[in-house]
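The values are calculated or read from the model by the stated rules, or taken from the named source; none is laboratory data. Values in this document were obtained by computation on a predicted structure and should not be read as measured data. Here the Cβ positions follow ideal geometry from the backbone for every residue, glycine too, while neighbour counts run over all protein chains shown.
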Amino acid sequence: MSARPILEKLAVLADAAKYDASCASSGTVKRDSMDSKGIGSTEGMGICHSYAPDGRCISLLKILLTNFCIYDCRFCINRASSNVERARFSPQEVVRLTLDFYKRNYIEGLFLSSGIIRSEDYTMEQLVEVARILREEHRFQGYIHLKTIAGADPGLVALAGLYADRLSTNVELPTEAGLSSFAPEKKPETIRKTMASVRVGESDAIEAAKSRLIGKAKPPRFAPAGQSTQMIVGADAALDDDILKTATNLYSGYRLRRVYYSAYSPIPDASLDLPPKRPPLMREHRLYQADWLLRFYGFERAEIMEGARGGMLDLAIDPKLAWALQRREAFPVDINRAPRELLLRVPGLGTRAVDRIVSARRLGRLTLGDLAKLTASVKKLLPFIVTPDWRPGGLTDSADLRARFAPPAEQLTLAL
């Protein structure tokens, strides 16, 4: 074990891990790469929040195995040429930290990533070793999220899936042109191959579970929480349409559970072709909203971009409202007769509210007062719905309808 105190290394490697959003951190505030005070979490050293497959919000120890890296990706603060403080854990040190934090009830699991040291295979071996020791030697039953190393041997990726609850391989930038420009050592085909290895492992595990005979030993699970990825937003010239196109392809091609969008954060000693300021956080927020529409509301990417201009989502209003304003002929919708698929298109109605409406209207016709008990956003619904006691009249086609929902200019400026 290194003579350097483990808590000193934790401060360095928890801080270095804060740039990876794919741990689904919640309740955080604005990240700033230039701030030397932060150490990776807004609520404790190296602790982030994530959501388990069953919906539980859990706390994870979020760290890097090391921030040494042989790659020189220009958008990364841990690139080989970066002048940052370096540190490295041994697998045994990560295990010790995880168990110590877990026994003190600080965390319920581990999120572990790493810079590339020596080679892709060596780094992946070290990550897998951490998970192996936790699972086999300490019978650790907590949540484990491992970052897979693009280009590592598929056998190592398969082994990682046997120990980890979730695996993730970051695509880094939305387009191949952006990756070629800012991270030429990383190849899109190598990243896709590693993601495909995870998908194959998931498919094999599902088939094994379906085909096993009664009384036969239960087949080993493989990354039951699936795989995810992360894209950096605003480092290159990619448009929101480019980003959503890549996300759509990833969801369909690799069965991803989640794509994370991380607004680029300026780094010290950055090259001149990187933005000097981070993009608006509202842009990241709108991408997440659009992503939700793709996954849970039945929207196609082309539909979402109907309300966009120049390939960029509207920062002033959410993408579902932007679509509805472009498709006013589809409204108003009769709350008591419209199918679920159409109700999901109504601005202000989320999936839970729609399910409550569909269930409640079986017992009788719903009025505006009934809707107020089922959703908190009745005011937003008014131009787009019909009930026995409400008709919007000319409100749906009103020229100033957008202005009713867009925030004042000064408020939007603060959001950006």
Single condition residue 141 does not satisfy, out of (1) polar (S, T, N, Q); (2) modelled with pLDDT of 95 or more; (3) surrounded by fewer than 24 Cβ atoms within 10 Å (Cβ to Cβ): (2)
Which of the residues belonging to segment 82-106 are polar (S, T, N, Q) and either without any contact (Cβ under 8 Å) to a residue 12 or more places away in the chain or crowded, with 16+ Cβ neighbours inside 10 Å (or both)? 82, 90, 98, 105
Before we move on, is residue 107 modelled with pLDDT under 95 and part of a loop (DSSP other than H, G, I, E, B)? yes
In segment 310-362, which residues are among the basic types (Lys, Arg) and in a helix (DSSP H, G or I)? 320, 328, 340, 352, 356
Name, by its number, the condition in (1) touching a Pro at 6+ places or on another chain (Cβ under 8 Å); (2) assigned to a loop (DSSP other than H, G, I, E, B) that does not hold for residue 150. (1)
Residue 252 more than 15 Å from the chain's Cα centre (by Cα), closer than 21 Å to residue 181 by Cα and not acidic (Asp, Glu): no
Looking at (1) in a loop (DSSP other than H, G, I, E, B); (2) at pLDDT below 95, find the lone condition where residue 238 falls short. (2)
For segment 295-319, pairs from a residue that is touching a residue at least 60 places away in the same chain (Cβ under 8 Å) to a residue that is basic (Lys, Arg) and not in a loop (DSSP other than H, G, I, E, B), with Cβ under 7 Å and 6 or more apart or across chains, are 301/245; 313/286; 315/283; 315/286; 317/402
Verdict on residue 42 being modelled with pLDDT of 85 or more, of a type in the set (Ser, Thr, Tyr) and within 24 Å of the chain's Cα centre (by Cα): no
